[in-house]
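Working notes for the structure below.
The values are calculated or read from the model by the stated rules, or taken from the named source; none is laboratory data. Since the model is a prediction, treat every value here as computed from it, not as a measurement. Neighbour counts run over all protein chains shown; Cβ positions are idealised from the backbone, glycine included. These accessible areas exclude ligands, DNA and RNA; they are computed on the full protein's heavy atoms, side chains included. Shrake-Rupley method; radii C 1.70, N 1.55, O 1.52, S 1.80 Å.
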Amino acid sequence: MPKMKTHSGAKKRFKKTGTGKVVRFHAYKSHILEKKTPKQKGNLRKSTIMDSSDAKRIERLITYR
């Protein structure tokens, strides 16, 4: 059976930690920023660990990453 291809969109958006968890970045940080507080924007800059139920889907897309 041939190798699976890594999903091009997913490899740009997600990465795995050393322990195998999937890391994602927050949405809502690209525009309409005037009404958001500095604290809100700062928290959106940080990455976070993806929920395990969603991570299963993403792991198949970034198999070799």
Cβ-Cβ under 8 Å pairs, at least 6 apart or on other chains, the stretch 30-42 side aliphatic (A, V, I, L, M) and surrounded by 10 or more Cβ atoms within 10 Å (Cβ to Cβ), far side outside any loop (DSSP other than H, G, I, E, B) and modelled with pLDDT of 95 or more: LEU33/LYS41
THR48 vs. criteria of a type in the set (S, T, N, Q) and either open to solvent by less than 60 Å² (accessible area, probe 1.4 Å) or in contact with a Pro (Cβ under 9 Å, 6 or more places away or on another chain) (or both): yes
Filtered residue count, the stretch 1-26, keeping only those that are modelled with pLDDT of 95 or more and either among the aliphatic types (A, V, I, L, M) or over 18 Å from the mean Cα position of the chain (by Cα) (or both): 3
Count of residues meeting criterion [surrounded by 12 or more Cβ atoms within 10 Å (Cβ to Cβ) and part of a loop (DSSP other than H, G, I, E, B)] in the stretch 1-25: 4
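Please specify each residue of the stretch 51-62 satisfying the condition of being surrounded by 13 or more Cβ atoms within 10 Å (Cβ to Cβ) and acidic (Asp, Glu). Break it down into steps so the answer makes sense when it comes.
If we filter the stretch 51-62 for residues that are surrounded by 13 or more Cβ atoms within 10 Å (Cβ to Cβ), which is where we start, we get 55, 58-59, 61-62.
Listed by number, the list holds a single entry, GLU59.
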Among (1) part of a loop (DSSP other than H, G, I, E, B); (2) loosely packed, with under 12 Cβ neighbours inside 10 Å, the one test that ARG65 misses: (2)
